[in-house]
1. Got the relative contact order for the chain handy, in percent, Cα pairs under 8 Å and 6 or more residues apart?
2. Below 8 Å between Cα atoms, with a sequence gap of 6+, how large is the relative contact order for the stretch 151-301 in percent?
3. Tabulate in residue order the Karplus-calculated ³J(HN,Hα) for the stretch 64-74, using 6.51 cos²θ - 1.76 cosθ + 1.60 with θ = phi - 60°, rounded to whole Hz; enter x for Gly and Pro.
4. Going by average Cβ density within 10 Å per residue, which order do the peptides 260-272, 210-222 take, highest to lowest?
5. For the stretch 245-337, what's the radius of gyration and Dmax over Cα atoms, in angstrom?
6. If you count only protein heavy atoms with a 1.4 Å probe, what accessible area per residue comes out for the stretch 179-247, rounded to a whole Å²?
7. Which one, 14, 311, 286, has the greatest fluctuation when you compute a Gaussian network model over the chain with C-alpha springs under 10 angstrom?
8. Pick from 159, 117, 182: which residue has the top mean-square fluctuation in a GNM of the chain where Cα pairs under 10 Å get a spring?
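The values are calculated or read from the model by the stated rules, or taken from the named source; none is laboratory data. Quick caveat, the model's predicted, so the values are computed rather than measured. Here the Cβ positions follow ideal geometry from the backbone for every residue, glycine too, while neighbour counts run over all protein chains shown. For the accessible areas, the whole protein counts, side chains as well, though only heavy atoms, and no ligand, DNA or RNA atoms are used. Shrake-Rupley method; radii C 1.70, N 1.55, O 1.52, S 1.80 Å.
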Amino acid sequence: METSSGTLRRLARSAPAICLLLLLGCAENYPQTTLNPRGDFARMVDQLFRTTVWWAAVVFVLVEGALLFAIFKFRGRPDDPEPKQVHGNTMLEVVWTIIPAAILVFIAVPTIKTIFKTSDYATGDVVQIEVLGHQWWWEFRYPGLGVVTANEMHVPVGKTVNLRMTTVDVIHSFWVPQFAAKRDVFPGKHNPLWFKAEVTGTFSGQCAEFCGIQHGRMGFRVISETPEEFAAWVAKQRIGSPLVNAGAVTPDTTTPADSAGRAARQAADTVTRAGLALFSSAGCISCHSMVGTPLAGTTALKGPNLSHVGSRSTIVAGMLENTPENLRKWLSNPDSVKKGTLMVLPHKLTDAEIATLVAYLRAHQ
Ligand code: CUA
């Protein structure tokens, strides 16, 4: 008696927390929810999930209903005689084998159809994107459009993107829940994935396969935008891209007509010159491709291509908003921001050096 009332008291105490958890399930704004599909692939999976849940609900109601009915209808009374003893009922057993088998077929047919539909590359008018997993960030290349970027995948709304995915190190898993299901990436192998964004907006993605100490901070964003916005983004990203003229850009030799323009140009040139020199001497260049550097044309370096890093919304694989303060924090001690990061500075940077690099990187929009 004592223990059961103790259990009841404990349950009563945790009731508010349980209610809160249940209410949280109703909240709308969860960036990584699978229950709010915004792409065709995710919608197919969601449809399967809902089909299964409905069948499960029907089975639950029927079985529990029959159970409750039997419990109350046939419950024993003190003066009841010994019940009739039965040994099996062939008819009943055939029925309760056929019905579940039929339900499994109703679930299996759409499941298998969806598996086949989503397991190969998309064809037709698609945007081709190469996805490369790295410890612990994502690289995105658009071979047909001449773009190489990191951690932020831009896609045109309403058009299918065809992903060809692999990894340069260990197994990762590409997952952007509102657009598509998870898909692992393996070394030396390419896996397909496609989806079509139905709405514009910024969507959260995450590595979904344990890949080392910073697996949890291997995030990315998918930015779905109008075809015009997407084209403008591509045009900008092409400048200095390793896939366009091997990263070479024609320097702007024109002189602004007004004095304010000339002063602004001069200031920008100073930032670039100082930043470029430090980018080499501080060792950044050995891991990062960057417009204006001798290695602007390579895609084989270990770290993300930084040519347009100033225009990305986050740094450190979706971990930090891209602000000067966060960039300063990251450059002053990467390992204290993201323990185990492969970004190792050859030597500690001074505050002045960090300020120079922050200005230089931020200027690359
Ligand atoms: Cu990459 Cu987990």
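1. Relative contact order comes out at 15 percent.
2. 20 percent.
3. 5, x, 5, 4, 4, 4, 5, 4, 7, 5, 10
4. 210-222, 260-272
5. 15.2, 47
6. 45
7. 14
8. Ranking 159, 117, 182 by mean-square fluctuation puts 117 first.
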